[in-house]
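The values are calculated or read from the model by the stated rules, or taken from the named source; none is laboratory data. The model shown is predicted, which means the values in this text are computed figures rather than measured ones. Cβ: placed from backbone, ideal geometry, glycine included. Neighbour counts: every protein chain shown.
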C-alpha cells in the first residue's frame with residue numbers, strides 16, 4: 001500500500017532543530033560585543049565593495065566563521081554593493097586605481113581605453129580596490145564600534161532627565177515620518193551622537209533663548225531643542241535645499257524658520273545662542289574665521305562649536321580618514337576637509353569677546369570631536385554680579 005510518508009519521529013525533529021540552533025550560533029560567533037560588531041561590519045564592507053559579485057557570501061563565511069565574527073551581520077554589510085550602488089563603487093575603485101597607477105584621473109575616452117588595453121583596466125581596478133576596500137572597512141568598523149558603545153552606555157545619573165530627553169527624541173523623530181530614511185537617520189543621529197545630549201544638558205541649566213543653527217542640515221538638533229523646551233525660537237540655514245525642506249516640514253507648528261543659504265554669506269539674525277555643529281572643517285581657514293566672527297557677533301550670550309581636534313592621537317587619525325572618505329563619496333557635501341587646531345577657533349571667539357571652554361564630545365565613539373562652549377564676557381559678568 002502506498003501513500004504519504006510518515007512524519008519523522010519527534011526525536012528526529014528535535015535533533016534537527018538542535019543542529020539548526022548550533023549552526024546558527026556558530027554563524028553568529030558569540031556575544032555581539034562592540035569590537036566583534038565592528039570587526040564583522042568591517043569584514044563585510046571590505047568584501048562587499050570588491051567586484052567579486054556572487055562570491056561575497058562564500059568569502060564572508062570563509063573569514064567570519066574561523067574568526068568567530070558575526071557572519072549574518074557581516075553579510076548584511078557586504079550587501080552595500082546592491083545593484084543600484086555597485087556601479088558607483090566600481091567607478092570609485094577605477095578612479096582611485098587610475099590615479100594611483102598613472103598619477104592622473106581615469107580617462108574615459110575610447111582611444112585611451114583602447115591604447116591601455118584590458119590589462120590596464122584590470123590593473124587599475126585591482127589597485128583601486130586594494131586601496132578603497134580597507135578604507136571603507138576602517139570607516140564602517142569605527143562607526144559601528146562607536147554606535148555599539150553608545151548602545152551600552154551607562155545609565156544617566158538623573159533618570160528623569162534621561163527620560164525627558166528620550167521622549168523628546170521620540171517626538172522629534174516622529175516629525176520626520178514623511179521620509180522613512182530621514183526618520184531613521186534623525187533617530188539614529190540624535191541617540192548615538194553625544195553632542196545632542198551635551199547641548200541639552202547644558203541648556204537645562206541655562207536655556208538657550210533664540211537660537212541660530214548655522215549649517216543646520218535636516219534641523220534635527222534645533223527641532224529637538226524646541227521639543228524639549230530648551231529654546232524659544234530657532235533660525236536655521238543650510239546650503240542643501242533638500243535637507244532644508246525636510247527641516248521645514250518637520251518643524252511645522254514650532255517656532256522655527258529654516259532657509260537655504262550659504263554658510264559663508266552674511267546673515268542678519270540676532271540671537272541669544274549660536275550653533276556651529278560639525279561644519280567648519282569643510283571651509284578654508286579664512287572662511288572658518290569669517291563664519292566664526294559672523295556667528296559670534298550674532299550671538300548675545302553663547303556660542304556652541306563642535307569640531308574635530310587634530311591633536312587627539314589615534315582618534316584624530318580615525319576621524320580624518322572617516323571625513324575624507326565620506327566627503328569623497330558625497331555623504332557630506334563639503335568641498336574639502338580642513339581640520340585646524342582648536343586653539344585657532346578659540347582665538348577667534350576670544351577676540352570677539354567670549355570666554356571659551358573645550359571638552360571632549362565623542363562619547364563612546366572613536367572620533368576626536370570636542371565641544372567648545374563660548375560665553376560672552378559681559379553676560380558672564382552680569383550672571384556673576
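Quick check on segment 30-53. Is at least one of its residues more than 28 Å from residue 119 (Cα to Cα), exposed (fewer than 13 other Cβ atoms within 10 Å of the Cβ) and modelled with pLDDT under 85?
Yes: one or more hits.
For residues that are surrounded by fewer than 18 Cβ atoms within 10 Å (Cβ to Cβ) and at pLDDT below 85, tally how many sit in segment 124-149.
So the answer is 0.
Confirm whether residue 299 is modelled with pLDDT of 80 or more and under 25 Å from residue 240 (Cα atoms).
yes
If you go through segment 175-222, how many residues are farther than 18 Å from residue 242 by Cα and not in a helix (DSSP H, G or I)?
Matching residues across segment 175-222 total 8.
Given the options 348, 305, name the one that is in a helix (DSSP H, G or I), modelled with pLDDT of 95 or more and either surrounded by 18 or more Cβ atoms within 10 Å (Cβ to Cβ) or not assigned by TED's automatic domain parsing to the domain that holds residue 280 (or both).
Being in a helix (DSSP H, G or I), modelled with pLDDT of 95 or more and either surrounded by 18 or more Cβ atoms within 10 Å (Cβ to Cβ) or not assigned by TED's automatic domain parsing to the domain that holds residue 280 (or both) holds for just one of 348, 305, which is 348.
Restricting to segment 80-102, give me the number of residues that are under 17 Å from residue 56 (Cβ atoms) and modelled with pLDDT under 80.
2
Inside segment 227-247, can you point out the residues that are over 14 Å from residue 174 (Cα atoms) and either part of a helix (DSSP H, G or I) or not assigned by TED's automatic domain parsing to the domain that holds residue 190 (or both)?
241, 242, 243, 244, 245
Counting only residues that are farther than 30 Å from residue 179 by Cα and in contact with a helix residue (DSSP H, G or I) (Cβ under 9 Å, 6 or more places away or on another chain), how many does segment 273-294 have? Working first, answer last.
Going residue by residue through segment 273-294, those that are farther than 30 Å from residue 179 by Cα are 284-294.
From what is left, the residues that are in contact with a helix residue (DSSP H, G or I) (Cβ under 9 Å, 6 or more places away or on another chain) are 285, 287-289, 291-293.
Within segment 273-294, residues that are farther than 30 Å from residue 179 by Cα and in contact with a helix residue (DSSP H, G or I) (Cβ under 9 Å, 6 or more places away or on another chain) number 7.
Restricting the search to segment 31-85, which residues are touching a residue at least 60 places away in the same chain (Cβ under 8 Å), outside any loop (DSSP other than H, G, I, E, B) and over 19 Å from residue 135 (Cα atoms)?
34
Does residue 252 meet the test of being touching a helix residue (DSSP H, G or I) at 6+ places or on another chain (Cβ under 8 Å) and surrounded by fewer than 24 Cβ atoms within 10 Å (Cβ to Cβ)?
no
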